[in-house]
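These notes concern the structure reproduced below.
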Amino acid sequence: MEPDLIEIFGSYMPYKITDDTWVISFMNGSEYMYLLEGNEKALLLDTGYGAGNLRAFVERLTDKPILVANTHYHPDHSAGNGEFEEVMVSENWEMDAPSLESPQGTPFDISRLPNPDYKKAVIGDGDLIDLGNRVIKVLDVAPAHCNSSLFFYDEKSEMIFVGDEFEAGQVNLFDNSNNPDAPYDVRQRLDNFKENALKIKSLRTRYILPNHNGTPIAECYLDDFIGLVDGIYSGESKIEDKLNHKYIEMDPKAPTLCRVRYGNASIFINKELLMSVYGKRD
Ligand SMILES: [Zn+2]
């Protein structure tokens, strides 16, 4: 029997974490999109795998006009963009666009969505998305998990939406762009990763909202991610060759990866590149 792809990739379970903020949980509760409502408009953060049934679902949650933005341009966050006429994206979206064509991309033919040539509205640091008595500030992200991440900061509600840059399971810090032309320097990625954590810590936040493996997460994860980077350079972070992750283990890159842990924080990264900086402060 063929697996039911809609059942796997396009079954959504919504719940509110505040009166005007929905979590749209999918992939058996391991992945999330968000719907932020203001007085006049709503903002959908991410569009899933492109199963084709997201827009109708979200329109049942809100009667406000829906703006759409991507936390980053990976297939499980942006493949459904073609359900909408316009999507706000990072200026670096093209660098990660080949990830949609990788075998781990999406199982759906997204050229069949209603707007395969949807308009991309580029947004970046300091841009404000006004939903009516609720303003979301866009923050640039130094490339770590990927090249095209943006943070979305709701200062009044003390919420920050962090995409895949931080999460409680593990952050993928290996090159996942599927783009041989995209730059990737392991030390730079690790430094950027730490810089992004410090940036969030400098903000007033009550809710840190990732897109995978539990939401919201406590600020102590950020401290552990900072410790993890420092611990790589000091040789104190723990390296494990066994990934213990069902899906990443299916990735052809899996044999080249390792898991690194520090406290509650964990990453997947290319082991050979990691060892080129492990225990080396500069
Ligand atoms: Zn991602």
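Tabulated data
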quantity: Mean Cβ count within 10 Å, highest first, over the residues of peptides 127-140, 223-236; calculated: 223-236, 127-140
quantity: Gained length - Lys253 relative to Asp185, 0.36 nm times residue gap less alpha-carbon distance; calculated: 22.8 nm
quantity: Relative contact order (%) - region 51-181, alpha-carbon pairs under 8 angstrom, separation at least six; calculated: 24
quantity: Reach of Lys194 by Cα under 20 Å, taken over lysines that are not fewer than 8 positions away in the same chain; calculated: Lys238, Lys271, Lys280
quantity: Probe 1.4 Å, protein heavy atoms only - accessible area per residue of region 1-133 in square angstrom; calculated: 47
quantity: Integer Hz, Karplus 6.51/-1.76/1.60 couplings in order for region 85-96, x for Gly and Pro; calculated: 7, 8, 9, 7, 9, 5, 4, 8, 4, 5, 5, 9
quantity: For region 1-139, size of Cβ-based charge dipole, Lys and Arg +1, Asp and Glu -1, in debye; calculated: 280
quantity: Accessible area of region 140-282 divided out per residue, in Å², using a probe of 1.4 angstrom; calculated: 44
quantity: Dipole magnitude (debye, nearest 20) for region 101-187, charges at Cβ of Lys, Arg, Asp, Glu; calculated: 240
quantity: Qualifying chymotrypsin sites (Phe, Trp or Tyr not before Pro) in region 1-48, DSSP loop, other Cβ atoms within 10 Å at most 13; calculated: none
quantity: Cβ-derived FRET efficiency at R0 22 Å, Glu101 paired with Glu272, nearest 0.05; calculated: 0.30
quantity: Under 22 Å from the Cα of Lys156 - lysines, other chains or at least 8 residues apart; calculated: Lys16, Lys41, Lys64, Lys137, Lys199, Lys201
quantity: Per-residue [θ]222 nm for the chain (sum of -39500 (n - 2.57) over DSSP H runs n ≥ 4, rounded to 500); calculated: -5500 deg cm²/dmol
quantity: Efficiency of FRET between Asp282 and Glu91 - r from beta-carbon atoms, R0 35 angstrom, step 0.05; calculated: 0.70
quantity: Computed label-point distance, nm, for sites Lys201 and Arg261 using a 7 Å Cα→Cβ extension; calculated: 2.2
quantity: GluC sites (Glu not before Pro) restricted to DSSP loop in region 102-189 with at most 14 other C-beta within 10 Å; calculated: Glu155, Glu158
quantity: Within the accessible area of the chain (1.4 Å probe), percent carbon and sulfur; calculated: 47
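The values are calculated or read from the model by the stated rules, or taken from the named source; none is laboratory data. Because the structure is a prediction, the values reported are computed rather than measured. No Cβ is skipped: glycine too gets one built from the backbone with ideal geometry, and neighbour counts run over all protein chains shown. Just the protein is used for accessible areas: all its heavy atoms, side chains included, with ligands, DNA and RNA removed. Shrake-Rupley method; radii C 1.70, N 1.55, O 1.52, S 1.80 Å.
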